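Enquirer: Quick one: the structure is below, and I'll ask about it shortly.
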Amino acid sequence: MELTRMLLAGIVTGVLFMVLDGLIGFASNRVLKRYVDLPIWRTQFNPAATAAVDLIYGLILAAIFATIHAGIPGEGLAKGVFFGVILWFLRVVMMVSSVRAMLNVPDPVLAYWLMSGLMEMLVLGGVLGLIYRG
């Protein structure tokens, strides 16, 4: 039963990753259009590879949450949101800080990544918390 819940949580989280990454990418076209001439952007997009990576990330996050959820404070949604904040720090804040230190990426781009990453990780963590609330 636990493996079934973990796989379900992983698939749901992976699909949410795909949807949220798509929404964030779509929104970034409006927010970041001033910076499209920077040579940091890829010129081609591989949707199949992106979907596969998001699904794998979802499965990994669900496995991590299943392993450590008993030690996370709170219940249900609150537990998931707490996990989301941890994910945000480890996945987004650390990446943005490193990019800021090493590359010449404009601060508004970094701020967008921080805020959109926070929203994404809170949603993903919250969903995991709801799936594991029982």
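Enquirer: Could you tell me whether L61 is touching a residue at least 60 places away in the same chain (Cβ under 8 Å), of a type outside the set (D, E, K, R) and closer than 22 Å to M115 by Cα?
Expert: When the stated conditions are applied, L61 passes them.
Enquirer: Pick from V92, V99, V12: which is more than 17 Å from G129 (Cβ to Cβ) and surrounded by fewer than 18 Cβ atoms within 10 Å (Cβ to Cβ)?
Expert: Of the residues listed, the single one that is more than 17 Å from G129 (Cβ to Cβ) and surrounded by fewer than 18 Cβ atoms within 10 Å (Cβ to Cβ) is V99.
Enquirer: Answer yes if at least one residue in segment 49-68 is among the acidic types (D, E) and in contact with a Gly (Cβ under 6 Å, 6 or more places away or on another chain), and no otherwise. Don't jump to the end; show me each part of the working.
Expert: Taking segment 49-68 as the starting set, the residues that turn out to be among the acidic types (D, E) are 54.
Those still in the list that are in contact with a Gly (Cβ under 6 Å, 6 or more places away or on another chain) too: 54.
Yes, because at least one residue in segment 49-68 is among the acidic types (D, E) and in contact with a Gly (Cβ under 6 Å, 6 or more places away or on another chain).
Enquirer: Out of all the residues in segment 23-36, is one or more surrounded by 15 or more Cβ atoms within 10 Å (Cβ to Cβ) and within 18 Å of T13 (Cβ to Cβ)?
Expert: yes
Enquirer: Among helices (runs of 4 or more DSSP H) lying entirely in segment 1-106, which contain 2 or more residues that are in contact with a His (Cβ under 9 Å, 6 or more places away or on another chain) and hydrophobic (A, V, I, L, M, F, W, C)?
Expert: none
Enquirer: May I pose another question? Among the residues of segment 20-58, which ones are β-branched (V, I, T) and free of Cβ contacts under 8 Å to residues at least 12 places away in the same chain?
Expert: Step one: list which residues in segment 20-58 are β-branched (V, I, T), which gives 24, 31, 36, 40, 43, 50, 53, 56.
If the condition is that a residue be β-branched (V, I, T) and free of Cβ contacts under 8 Å to residues at least 12 places away in the same chain, then V36, T43, V53 are the ones that fit.
Computed from the coordinates by the stated procedures, all read-outs in this text should not be read as laboratory data. Since the model is a prediction, treat every value here as computed from it, not as a measurement. Don't worry about glycine lacking a Cβ; one is built from the backbone with ideal geometry, like all the others, and counts go over all protein chains shown.
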